[in-house]
Amino acid sequence: MTVLDIKRITLREIHLRLREPFRISSGVVQDRRIMLIEIEEKSGAVGWGECVAGEFPNYTPETIDTAWFACTQWLIPRLFAAGPIQPEAVLGLFDADIRGHNMAKAGLEMAIWALAAEQDGVALARLLGGTRSKVATGISIGIQSSPQALAEKAQQARAEGYRKIKCKIKPGTDLVFLEAVRHSAGEEIGIMADANSAYTLENIAQLQALDDLGLMMIEQPLAWDDLREHAELQKQLRTPICLDESITCPERARDMHMMGSGRIINIKPGRVGGLYASLQIHNYCREHGLPVWCGGMLESGIGRAHNVALASLPNFTLPGDISPSARYWAEDIVEPEWTMENGFVAVPNDIPGLGVKVRRSLVEKLTHRAEEFLR
Ligand code: OSB
Ligand code: MG
């Protein structure tokens, strides 16, 4: 694969307002602060990445501010010192002695993958080994004020063509809410729940009560960094457990499988340190018969491009949290915007690089801080 000679890295923080607030068990967000990474090669080719860290550490420990610090203090200097590099080697370079900060590492690493695709004149999806021309799309619906409000959203999502409905839950807004969804969306469509670590093993009866709903899976019911208690829970639950927060690298994916902590993985490249680690988790799961799907972090059109490319790989057999741009934003920062047809997002396999153009003037307008690094 291409060796890249990086000349310039620009970090930007843009502010982008979600059309509506998004509530999970541990917090709510509407005004997103998003870190974008732009990397330029000696040739003039450019690659874009997006850091998925939020403003507050209620999902994993990272935030946009810790990621900005990690990039400027440790990761960019490390990249510049290393000289010409291939995308597959970037995470190893970072991981040698820098612990954690996966979202910061991933933002840079993914920009380098996009750059490699641009430089090689191939679609990122193809560079990663993608085989699909379209990816099945699910919707992730935040916690609503009542079962009726949630049921209405679910009914609307089904009408729009979504192939999976994921509902955020927490103790108290679970069984009755999900029953309302099942009732309004019908028996045909796959329904799942995501607890974002809102339960403990003391809630086991409450979780078992969900078994009769026939959910596709329940995502991350227990602690954000746990594997052992999830294994305990899975033994007593018919519904498959899907892990999100707990899977931070390929080793944790293997541990999950060997311990029986879950049967499905939500792969988010930002959470695991980028696309290379995502490919390894994908390959491991494929070899061991575990389905995977691509999660989302309320990304702009840039992060979405990376997710679409990743989700085009063969073992992404379940619909991902990859909604079209218009579900999130009044105006996305890429053109064309991401759209959905019949519950699928098309993979731009014939366009080199990310497959969408970054709307530079809009990005400039939304920028609240920027920092440039020259090698
Ligand atoms: O747990 O999957 C999650 C958003 C922010 C933090 C955590 C999660 C989510 C989502 C959003 O579910 C999915 C999307 O981007 O549509
Ligand atoms: Mg999740």
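Please work out which residue is farthest from the chain's Cα centre (by Cα), limiting yourself to segment 201-220 and to residues that are in a loop (DSSP other than H, G, I, E, B) and within 14 Å of ligand 1 (Cβ to nearest atom).
First, pick out the residues of segment 201-220 that are in a loop (DSSP other than H, G, I, E, B): 209-210, 214-217, 220.
From what is left, the residues that are within 14 Å of ligand 1 (Cβ to nearest atom) are 217, 220.
Values: MET217: 17, GLN220: 14 Å.
Within segment 201-220, the match that is farthest from the chain's Cα centre (by Cα) is MET217.
Could you count how many residues in segment 242-255 are touching a His at 6+ places or on another chain (Cβ under 8 Å) and either of a type in the set (A, V, I, L, M) or modelled with pLDDT under 95 (or both)?
The qualifying residues number 1.
Examine segment 81-88 for a residue that is within 20 Å of the chain's Cα centre (by Cα) and either in contact (Cβ under 8 Å) with a residue 12 or more places away in the chain or outside the structural domain of SER26 (by TED's automatic domain parsing) (or both), and state whether such a residue exists.
yes
If only one of ALA198, ALA223 is touching a Lys or Arg at 6+ places or on another chain (Cβ under 8 Å), outside any helix (DSSP H, G or I) and not assigned by TED's automatic domain parsing to the domain that holds GLY54, which one is it?
ALA198
Just for segment 46-60: of the residues that are over 15 Å from ARG360 (Cα atoms) and of a type in the set (A, V, I, L, M, F, W, C), which one is surrounded by the fewest Cβ atoms within 10 Å (Cβ to Cβ)?
PHE56
Out of (1) of a type outside the set (Asp, Glu); (2) more than 27 Å from ALA159 (Cα to Cα); (3) touching a helix residue (DSSP H, G or I) at 6+ places or on another chain (Cβ under 8 Å); (4) away from ligand 2 (no atom under 16 Å from the Cβ), the odd one out for VAL272 is which?
Only one criterion is unmet by VAL272, namely (4).
Would you mind finding the one in GLU229, GLU179, GLU188 that is more than 13 Å from ligand 2 (Cβ to nearest atom), out of contact with any Gly (no Cβ under 6 Å at 6 or more places or on another chain) and within 15 Å of PRO147 (Cα to Cα)?
Criteria check complete, one pass: GLU179.
Given the residues ALA311, ALA370, ALA305, which is the only one that is assigned by TED's automatic domain parsing to the domain that holds LEU18, at pLDDT 95 or above and either under 28 Å from GLN86 (Cβ atoms) or buried (at least 16 other Cβ atoms within 10 Å of the Cβ) (or both)?
From the options ALA311, ALA370, ALA305, the qualifying one is ALA370.
Could you tell me how many of the residues in segment 151-173 are over 20 Å from GLY296 (Cα atoms), in contact (Cβ under 8 Å) with a residue 24 or more places away in the chain and not acidic (Asp, Glu)?
Of the residues in that region, 4 qualify.
Checking PRO352 against (1) within 17 Å of the chain's Cα centre (by Cα); (2) over 29 Å from CYS167 (Cα atoms), only one condition comes out false. Which one?
(1)
Kindly indicate whether any position in segment 222-229 is within 16 Å of ligand 1 (Cβ to nearest atom) and in contact with a strand residue (DSSP E or B) (Cβ under 6 Å, 6 or more places away or on another chain).
Looking through segment 222-229, none of the residues is within 16 Å of ligand 1 (Cβ to nearest atom) and in contact with a strand residue (DSSP E or B) (Cβ under 6 Å, 6 or more places away or on another chain).
Only one of ALA125, ALA195 is within 16 Å of ligand 1 (Cβ to nearest atom) and within 20 Å of TRP293 (Cα to Cα). Can you tell me which?
It is ALA195.
How many residues does segment 248-272 contain that are closer than 17 Å to VAL308 by Cα and touching a residue at least 40 places away in the same chain (Cβ under 8 Å)?
Count: 7.
Would you pick out the residues in segment 65-79 that are in contact with a strand residue (DSSP E or B) (Cβ under 7 Å, 6 or more places away or on another chain) and either buried (at least 16 other Cβ atoms within 10 Å of the Cβ) or farther than 14 Å from GLY107 by Cα (or both)?
Residues satisfying the conditions are ALA67, TRP68, CYS71, ILE76, LEU79.
List the number of the failed condition for LEU362; all other conditions in (1) away from ligand 2 (no atom under 16 Å from the Cβ); (2) over 21 Å from ARG12 (Cα atoms); (3) of a type outside the set (Ser, Thr, Tyr) hold.
(2)
Under the condition of being among the small types (Gly, Ala, Ser) and surrounded by fewer than 19 Cβ atoms within 10 Å (Cβ to Cβ), which residue from segment 317-339 is farthest from ligand 1 (Cβ to nearest atom)?
Only one residue fits best here, namely ALA330.
The values are calculated or read from the model by the stated rules, or taken from the named source; none is laboratory data. Just so we're clear, the structure is a prediction, and the values are computed from it rather than from any experiment. With ideal geometry, Cβ positions are generated from the backbone for all residues, glycine too; neighbour counts draw on all protein chains shown.
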